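Enquirer: Below is one structure. I have some questions about it.
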Amino acid sequence: MSSLSDQAQDPFVATNEEALIARDAAVKLKPLADAQVDVEIRAAEHAEIVAALPARAVRLIAEFLTAMAEGKPVALLRRTAEMTTQEAAELLNVSRPYVVGLIDRDEIPHRMVGTHRRVLLSDLIAYKKKSDARRKDAIAKMVAEAQKLRLP
């Protein structure tokens, strides 16, 4: 497998004009995404071109358009994309040595490419979900204890 940088284009940032178009489209697609319905799209200048979109794709497109409208950089990545430890650190918003430590403690699966570690994006997402769940659980326990002790 190639690294993430080989599997994705640079993040895309919309121009002001594109952001306005994206905002309008996101507003129109959000109710359909929330309703989880399939849709058909038709090219404005080529009425003969019609494409069906499954509901999950509508949700992703609406999220993509919302990010564009907000001027956020966006990119599409395959879940099978491999990342370097630096790319993984950037995704998790931690240092590279911290990611290496997670890998060395077998908290994140990896493979070696020569002397370099590679991590699947899907494994990073799974780690992040598990880490977020542990964090939320710890906060809930702290709140419950504070309420039990009647702390402000």
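No lab work stands behind these numbers, since they all come straight from the coordinates. Being a predicted model, the structure only gives us computed values, none of them experimental. With ideal geometry, Cβ positions are generated from the backbone for all residues, glycine too; neighbour counts draw on all protein chains shown.
Enquirer: Which is the longest run of the chain containing none of the GluC sites (Glu not before Pro) found in DSSP loop states (not H, G, I, E, B) with at most 13 other C-beta atoms within 10 Å? Could the numbers behind the result be given before it?
Expert: On the way: sites that count: Glu45, Glu70, Glu107.
The longest uninterrupted stretch comes out as 108-152.
Enquirer: Compare the Cα positions of Ala55, Tyr98, Ala19 along the charge dipole of the chain (+1 at Cβ of Lys, Arg; -1 at Cβ of Asp, Glu; about the Cα centre) and return the one farthest towards the positive end.
Expert: Going by the Cα projections, it comes out as Tyr98.
Enquirer: Find me the longest stretch of the chain that has none of the exposed trypsin sites (Lys or Arg not before Pro), where exposed means in a DSSP loop (not H, G, I, E or B) with at most 14 other Cβ atoms within 10 Å. Walk me through the intermediate numbers first.
Expert: On the way: sites that count: Arg78, Arg79, Arg105, Arg150.
Segment 1-77 is the longest.
Enquirer: Another question, then. For the chain, set up a GNM with springs between Cα atoms under 10 Å and report which of Ala25, Ala126, Ala52 has the largest fluctuation.
Expert: Ala52
Enquirer: Per 0.36 nm of contour for each residue apart, how much would the distance between Ala133 and Glu40 grow if the chain were fully extended, relative to their Cα-Cα spacing? Show your work: numbers first, answer last.
Expert: Working: separation 93, 0.36 × 93 = 33.48 nm, distance 3.64 nm.
Using 0.36 nm per residue and subtracting the Cα-Cα distance, I get 29.8 nm.
Enquirer: So how strong a dipole does region 1-122 carry about its Cα centre when Lys and Arg Cβ are +1 and Asp and Glu Cβ are -1, to the nearest 20 debye?
Expert: Details: 14 positive and 18 negative charges, 80 e Å.
Around 380 debye, computed over region 1-122.
Enquirer: Calculate for the chain the 222 nm mean residue ellipticity that helices alone would give, adding -39,500 (n - 2.57) per DSSP H run of length 4 or more and normalising by residue count, nearest 500 deg cm²/dmol. Could you put the intermediate results ahead of the total?
Expert: Values: 6 runs with 84 residues, N = 152.
Counting only the DSSP helices, I get -18000 deg cm²/dmol.
Enquirer: Right, next: GNM, the chain, Cα, under 10 Å: largest mean-square fluctuation among Leu102, Leu76, Leu53?
Expert: Among Leu102, Leu76, Leu53, the largest GNM mean-square fluctuation belongs to Leu53.
Enquirer: Viscosity 1.567 mPa s, temperature 4 °C: Stokes-Einstein D of region 64-142 from its Kirkwood Cα radius, in µm² per second? Show your work: numbers first, answer last.
Expert: Working: Rh = 14.0 Å.
After rounding, the answer is 93 µm²/s.
Enquirer: Please find the FRET efficiency linking Ala75 to Ala140, where r is the Cβ-Cβ separation and R0 is fixed at 35 Å, and quote it to the nearest 0.05.
Expert: Here the calculated transfer efficiency is 0.60.
Enquirer: Still on this model: Would you count, across the chain, every pair of lysines whose alpha carbons are under 29 angstrom apart, provided the pair is eight or more residues apart or spans two chains?
Expert: Pairs that pass both the separation and distance tests number 17.
Enquirer: Follow-up. Expressed as a fraction of 2.2 N^0.38 Å, the rule-of-thumb size for a compact globular protein of N residues, what is the C-alpha radius of gyration of the chain?
Expert: Working: Rg = 20.5 Å, N = 152, 2.2 N^0.38 = 14.8 Å.
Cα Rg divided by the expected 2.2 N^0.38 Å: 1.38.
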